[in-house]
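J.: Got a structure here, written out as structure tokens. Questions coming.
The values are calculated or read from the model by the stated rules, or taken from the named source; none is laboratory data. Quantities reported herein were computed from a predicted structural model and do not represent experimental measurements. We place every Cβ from the backbone using ideal geometry, glycine too, and count neighbours over all the protein chains shown.
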Amino acid sequence: MIRASIVGGSGYTGGELLRLLLGHPEVEIMQATSQKHLGEYVYQTHPNLRKQTSLKFSAPDDLEPCDVLFLAMPHGKAQHHINQYAALAEAIMDLSADFRLQDPETYKKWYGAAHAAPHWLDKFVYGLPELHRDEIKHTKYISGVGCNATACNLAMLPLVKAGLVNLGQPVIFEIKVGSSEGGASVNPGSHHPERSGVVRTFSSFGHRHTAEVIQELNLQKPALTISSIDLVRGALATAHVIIDTHITKKELWKAYRAVVNENPCLRLVKERRGVYRVPEPKILAGSNYADLGFEWDAANGHLVAMCAIDNLMKGASGSAVQSMNLMCGFDEMMGLSFPGLHPI
């Protein structure tokens, strides 16, 4: 059994980690920390875990050694204490943005401050198995992934991998996201009367997750526009790209089928009839699957690539557990087989 602990267990990603690891046959949760909820039962913050565990939140300063340490803290926190955490655990999974970018100058550009532990950046592997499966198997330090970046990267992965897109051309991403992307903390925009029923663009361009798309797919001119919609969980990335009109639909199908066949968490959704003809985040709530799809206007070379995910799962905690499975030599899908709900 792997002994795992979670730093920052009271947030949404911490709650998802608890839910997944409590059901994992090879993991024993040792501790989950929370200063705000110190001494309270975990299920008092995450009510879906009632009768699943009697674990209480412990103090961050009372962390004990473990095999795998999950860091589910706000961005900017882990980098200041990484040496301390590394002394407590052989393996670290950081869900924040602190170790996603490999270059210190790139981090400073996108996050507005110098990195506190730049010598640690190249020790971490970007935790998206679809891009770094082999590297994840041979590392002990894995970074989290940005949920919006994950939806964009997976939407474009079949095209990039098959060499069907010019990496130097502009790629326009429109990402629609649910309110859980804002985390468990309250802000004026999350107040129900202000949030309910909205379609609100909050980042027209320049979102920090753009850096992950550039780094991971080597796209040189990606542009991300992100809008909140009336949804709790979920993100849908729609990418617009121009490709060679001589490319055939058969080649596109081949590219997509190759990627989904190689990756157990990816599914191709492209139906001719029915309600769910294209990827839809609603049916992925609680699931680690990512649904891919595409539409192709051959006459002008306009291709629309789509990816739907649960932002708390494939965009955060689910990918972290998937990466842990690979790192520990477990079946990649262990503890991650839940397909989502329909209807919901």
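J.: What's the number of the only condition in (1) in a helix (DSSP H, G or I); (2) within 15 Å of the chain's Cα centre (by Cα); (3) closer than 24 Å to GLY14 by Cα that GLY189 fails to meet?
T.: Single failed check for GLY189: (2).
J.: Within the range 1-18, work out how many residues are in a loop (DSSP other than H, G, I, E, B) and free of Cβ contacts under 8 Å to residues at least 60 places away in the same chain. Let's see the steps before the verdict.
T.: The first filter runs over the range 1-18 and keeps only residues in a loop (DSSP other than H, G, I, E, B), leaving 1, 8-11.
Narrowing further to those that are free of Cβ contacts under 8 Å to residues at least 60 places away in the same chain: 1.
The total comes to 1.
J.: Please give the strands (runs of 3 or more DSSP E) falling wholly within the range 217-317 in which 1 or more residues are closer than 17 Å to PRO339 by Cα and without any contact (Cβ under 8 Å) to a residue 60 or more places away in the chain.
T.: Once the strands (runs of 3 or more DSSP E) in the range 217-317 are filtered for at least 1 residues that are closer than 17 Å to PRO339 by Cα and without any contact (Cβ under 8 Å) to a residue 60 or more places away in the chain, what remains is 266-268, 290-297.
J.: Would you point out which residue out of GLY168, GLY146 is under 30 Å from LYS77 (Cβ atoms) and touching a residue at least 40 places away in the same chain (Cβ under 8 Å)?
T.: Just one listed residue meets the conditions, GLY146.
J.: List the number of the failed condition for LEU101; all other conditions in (1) on the phi < 0 side of the Ramachandran plot; (2) free of Cβ contacts under 8 Å to residues at least 60 places away in the same chain hold.
T.: Tallying (1) on the phi < 0 side of the Ramachandran plot; (2) free of Cβ contacts under 8 Å to residues at least 60 places away in the same chain, LEU101 fails exactly one: (2).
J.: Still on this structure: Among ALA298, ALA258, ALA285, which is over 15 Å from ASN153 (Cα atoms), at pLDDT below 95 and among the small types (Gly, Ala, Ser)? Working first, answer last.
T.: On the way: ALA258 fails: at pLDDT below 95; ALA285 fails: at pLDDT below 95.
The conditions single out ALA298.
J.: Let me ask you something else. Taking the conditions exactly as written (among the aliphatic types (A, V, I, L, M), touching a strand residue (DSSP E or B) at 6+ places or on another chain (Cβ under 7 Å) and touching a residue at least 24 places away in the same chain (Cβ under 8 Å)), does LEU336 satisfy them or not?
T.: Details: among the aliphatic types (A, V, I, L, M): yes; touching a strand residue (DSSP E or B) at 6+ places or on another chain (Cβ under 7 Å): no; touching a residue at least 24 places away in the same chain (Cβ under 8 Å): yes.
Judged against the criteria, LEU336 is not a match.
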